[in-house]
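This report concerns only the one structure given below.
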Amino acid sequence: MTARNGAPPRVWPWRVLRVAAVLVLLDTLAQAALAGLFVTGDLDLLTWHAANAGVLSALTVVQTAAALTVRRLARGPLWPVVASAALVALVSVQQGLGEARILAGHMPLGMAVFGCATALTYWAFTRRAGTAPRPVRLSHAATE
């Protein structure tokens, strides 16, 4: 497997992205668990939930940097960079809604954050480093 210029593909950016994506996904799951345990009556877990929101925020920034590194050094696609940056924004909005105690927005947005984190993690592990998607070629009959 070689990159377009004949050099071997850089694999380490993909590994960094995969680690970052797994950490974001696991921390998002931890956030949900902390919220669920708080709702069952353990009021101390709200403090942990709020503190972990900062960790999640930092991890999404790391994931965005990793996606950008894959884009720049391993010639990965642009959309994971955009999706990761959108996830940074979603987590930021999520934190604001949580601090304002607007649960009608906070809880559904948490589900969206988890869905985005899951999709990015899935993609990071199913996309092989050094491969580009094949271009779609239309037959001559299809272009007439």
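The values are calculated or read from the model by the stated rules, or taken from the named source; none is laboratory data. Since we're looking at a predicted model, the values are computed, not measured. Every residue, glycine as well, gets a Cβ built from its backbone with ideal geometry; the counts of neighbours run over all protein chains shown.
Do we find a residue being surrounded by 13 or more Cβ atoms within 10 Å (Cβ to Cβ), in a helix (DSSP H, G or I) and basic (Lys, Arg) anywhere in segment 1-11?
There is no residue in segment 1-11 that is surrounded by 13 or more Cβ atoms within 10 Å (Cβ to Cβ), in a helix (DSSP H, G or I) and basic (Lys, Arg).
So, residue 46, is that one closer than 23 Å to residue 93 by Cα, at pLDDT below 95 and in contact with a Phe, Trp or Tyr (Cβ under 7 Å, 6 or more places away or on another chain) or not?
Against the criterion (closer than 23 Å to residue 93 by Cα, at pLDDT below 95 and in contact with a Phe, Trp or Tyr (Cβ under 7 Å, 6 or more places away or on another chain)), residue 46 qualifies.
Of the conditions (1) touching a residue at least 12 places away in the same chain (Cβ under 8 Å); (2) farther than 18 Å from residue 95 by Cα, residue 55 clears all except one; give me its number.
All conditions pass for residue 55, except number (2).
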